[in-house]
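Below is one structure, written out as C-alpha cells; comments come after it.
The values are calculated or read from the model by the stated rules, or taken from the named source; none is laboratory data. Please read these numbers as outputs of a predicted model, since none were measured by experiment. Note that we place each Cβ from the backbone using ideal geometry, even for glycine, and neighbour counts take in every protein chain shown.
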Amino acid sequence: MTEDNFNTMRKSLVVLLLLFTLAAAAVAQSGGTLLINAAGATFPYPIYSKWFDVYHTAHSNVQINYQSIGSGGGIRQLLAGTVDFGASDAPMTDDQLGQSKVKILHFPTVLGAVVPTYNVAGVSGDLNFSQKAIAGIYLGTITKWNDPELVKANPGVKLPGDDIVVVHRSDGSGTSFIFTDFLSKASDDWKNKVGKGASINWPVGLGGKGNEGVTGLVKQTPGSIGYVELIYAVSNNIPYGKVQNAAGKFLKADLAGVTAAAAGAAKDMPDDFRVSITNAPGVTSYPISSFTWLLIPAQISDAGKRDAIKDFLKWMLGDGQKFNEGLSYAQLPKAVVGKELKAISQIQ
Amino acid sequence: MSTSATTMDRAAPPEAGPRSLFHRLRHGDEVAHVITLTFAAGILLLTSMLVYELWVSSHLSRAKFGWNFFATSTWDPVFDDFGAAPYIYGTLVTSAVALILAVPLGLAAAIFLSELAPRKMSDTISFLIDLLAAVPSVIYGVLGIFVVVPLMRTTVGPILIGSLGHVPLIGQFFKGPNYGVGFLTAGIVLAIMVVPFIISVSREVLLTVPREQREAALALGATRWEATWKVVVPWARTGILGSVFLALARALGETMAVTMVIGNNPKIAASLFAPGYTIAAVIANEFTEATGDLYLSALIELGLVLFLMTFILNGLARLLIVATERGGGHPS
C-alpha cells in the first residue's frame, strides 16, 4: 500500500469517528424524551401511527414507537418483556395470559370489519351472501355461482354457472382471524373441521399475500371471491357484497353498522374486554366486525412510563376517537368507552 | 501481470533467516493473516450458530413429529398438526422448472456474448444483465402478477394444456384447471430472476478460456462453432456449473416473488398449473402471526429443512464438479 493510500484511509477513519461522535451526541440530546416501545397488529397501524404522532405533538416529552410486526409478534414481544405494551387483532388466549409474569389488560381501541369482494361475469350490483353460502363456498361444498343457496339470496340476479375460485389470505393476519371467527359461528362444520385463527388450513382456494394480494387475484381471476378489510376496500374503491347478519338481514358494511355490532355486544361485555363481536345480535349489526386491542401490563414499574401510558389511553378514548372515521375505522360505542375509562385505574 | 507476480512471491520459499515480528508486522503479512483468518472463521461460526439456533428452536416440532414431518402434508395451525411435504415438493418443483428454462437460455446467451458478439456490444449487454441481477425480487413479483399471470391464464396455459396435455406420460404435468398462478408460473418468474446470474458468471468464465485453446482448435480445422462447443465450453464447464448452482441457490431461497405468483396452497399436485407453496414463502407469510409454540417451532423446522436441502444440493454440486473435472481436459 502506498503512502498516499494510507493517508486517505486515515482521513476517512477520522471522518467516520467524527460522525459517530456527532450521532452519539444527538442521541444523548434526546435523553429528555420518554421513549415507549410498542409492537403488534398491522390492521390498526394507520390509526395508531396517527394517534402516536398527534399525541407526541401535544406532549413533546413522550414518544411512542410502534412497530407493526403483526399480532402474533406483538404478543410474543410483550410476553418476552421487550416492549412496553403490545397490540393484537385477536384477544390473547387463556394459555397465553398464563405465560405472562404480570397481569395483562385488554383495551379495545377501534373497530374494523371484513367484507367479501368478488369478480363474477355479468354481475355488477351488490351480491347478497347468506351465512350458509359464505361458509359453503369457503368449505368447498358450494362450487358454482348458480348454486341454489346463492340464487335464493339474490332474486333477480342472473348468476352464471361458472366455477367459484376461492381466494384467501396467505399471510397470517388479523383479517383472517376475524373472517374465520365469523365462519366458525356461521357454520358448525367450519368450527369443527377448520376452526379460527390468523393462519389456518384452508379447505380450498388460492392464497394472496396481504389485502393487495387478495384483491389482485380477485380482480384478475374470473369467478373468484375473496375477503378484505373494510378500510382497504373503501380507500381503494373495491366493490363488495352484502352479508347476512344474525337477525337475517343482508347488510352492506359501513362504519355505522360496525359500531352497531359493537354496541350490541357491549351489553354483555366481559370485564376483561376479551369478546368476539362477529355475528353480534341486532338488526343493524354488521356480522364480520371486530375490536382490535392494546395489550397493557397491569403493573408498570417505571412511574414515568406508567403515567404516560395511562394519559395516552385517556386521550385515545376521548379526543383520539375523532380521528377514526377519517381513516375508515369505526368509533367505539359510548358504553365501551365508559367501561374502559374505569379499567385504566387497574394499571399500577 | 501483477497478480501472477504476487502469487510467485507467496509461492517462493521463506527467506533463510527468521524475520523479526516487527518486520513482519510492518509488512502487513501477519496482520493480514490474522484479519483474514478471523473473518474466515467468522463465516464458519455464523453458519454453525445458524444451524444450532434452528436446531434448538425447532426442538418442540422435532420431538412431536419426528421423521413424519417430512412425509405428511397437513399444515394446520388451528389443530397444531404440521407436515412439510407439500412445501418441500413445491420448493423442488419450482426450482427445477426455473433451471430447466434458465440454463439453456443463459448458457446460449453467455456463449453469444463471449464468443460471437463484438466486444463493445458484449460489454454493454453484460452491464444491463448485471443490472437485472440487482433488481429486488419484489419487482419481479409485481412483473409476475401483472404480466406473467394473465399471460399464463389466457394464452400460454390453454395452449400447453391443449397440446401437451394429451401427450402420454408428460400429459399429466399439463392438466387444468388453470388459474394463472401455480408451479409453472412461479418457475417462469424464478427463471427470469436467475438467468442474469447464469449469463453473467458463465460469460466471465468463458472469457477466461485462453485464446490458445481456441486457436489450436481452429488450426486443427474445427469450425468456429465446433471450437466453441467442443473446446471452449468444456474448458469452462466447472465455472458454468458454478453459475448454475448459484442460480439454484437463489431459486430455492426466493420468497417474495414466488409467494406472489404460486397460489400459496400447500398441496402436492402433478400438474404444473396447480397452485402450490414453497418453504421460504410459507415462513415469510406465517412467521409474524405464529402465536403457538409448536407452530413457531414447526416453522423454524421448515427453515432447518430448507437449510438441509441447500446443503445437500450444494454437496451434490461439489461432487458433480469433481466428477467433471476428472474427465476435464479430454473432452470427447
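Numbers below:
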item	result
Residue that is farthest from A:ILE200 (Cα to Cα) [pool: residues in the stretch B:234-278 that are within 14 Å of chain A (Cβ to nearest Cβ) and in a helix (DSSP H, G or I)]	B:ALA257
Count of residues meeting criterion [assigned to a strand (DSSP E or B), buried (at least 20 other Cβ atoms within 10 Å of the Cβ) and more than 11 Å from every other protein chain (Cβ to nearest Cβ)] in the stretch A:58-103	6
Complete set of residues in the stretch A:225-253 that are of a type outside the set (Lys, Arg), at pLDDT 90 or above and surrounded by fewer than 20 Cβ atoms within 10 Å (Cβ to Cβ)	A:ALA246, A:ALA247, A:GLY248, A:PHE250
Identity of the residue in the stretch B:258-289, crowded, with 24+ Cβ neighbours inside 10 Å and under 24 Å from A:GLN96 (Cα atoms), that ends up nearest to the chain's Cα centre (by Cα)	B:VAL282
Residue tally, condition assigned to a strand (DSSP E or B), within 14 Å of chain B (Cβ to nearest Cβ) and touching a residue at least 40 places away in the same chain (Cβ under 8 Å), over the stretch A:118-177	7
Any hit, the stretch B:241-257, residues being among the hydroxyl-bearing types (Ser, Thr, Tyr), surrounded by 24 or more Cβ atoms within 10 Å (Cβ to Cβ) and farther than 18 Å from A:SER173 by Cα	yes
Lone qualifier among B:PHE173, B:PHE79 - being closer than 27 Å to B:ALA247 by Cβ and either within 14 Å of another protein chain (Cβ to nearest Cβ) or in contact with a Ser or Thr (Cβ under 9 Å, 6 or more places away or on another chain) (or both)	B:PHE173
Some residue of the stretch A:296-305 being buried (at least 17 other Cβ atoms within 10 Å of the Cβ) and in contact with a Phe, Trp or Tyr (Cβ under 8 Å, 6 or more places away or on another chain)	yes
Residue within the stretch A:312-330 that is among the charged types (D, E, K, R), touching a helix residue (DSSP H, G or I) at 6+ places or on another chain (Cβ under 9 Å) and modelled with pLDDT of 90 or more present	yes
The stretch B:139-187, subset of a type outside the set (A, V, I, L, M, F, W, C) and not in a helix (DSSP H, G or I), residue surrounded by the most Cβ atoms within 10 Å (Cβ to Cβ)	B:GLY182
Boolean, B:ALA227 is assigned to a helix (DSSP H, G or I) and more than 22 Å from B:ALA323 (Cα to Cα)	yes
Selected residue (criterion: farthest from the other protein chains (Cβ to nearest Cβ)) from residues of the stretch B:281-296 that are part of a loop (DSSP other than H, G, I, E, B) and touching a residue at least 24 places away in the same chain (Cβ under 8 Å)	B:GLY292
Any chance B:ARG250 is under 22 Å from B:ASP123 (Cβ atoms), charged (D, E, K, R), in contact (Cβ under 8 Å) with a residue 12 or more places away in the chain and out of contact with any Gly (no Cβ under 8 Å at 6 or more places or on another chain)	no
Verdict on B:LEU45 being surrounded by 10 or more Cβ atoms within 10 Å (Cβ to Cβ) and either more than 28 Å from B:ALA298 (Cα to Cα) or modelled with pLDDT of 95 or more (or both)	yes
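Conditions (1) on the phi > 0 side of the Ramachandran plot; (2) in a loop (DSSP other than H, G, I, E, B), marked per residue:
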site	(1), (2)
A:ASP181	no, no
A:SER199	no, yes
A:PRO203	no, yes
A:ASN211	no, no
A:GLY248	yes, yes
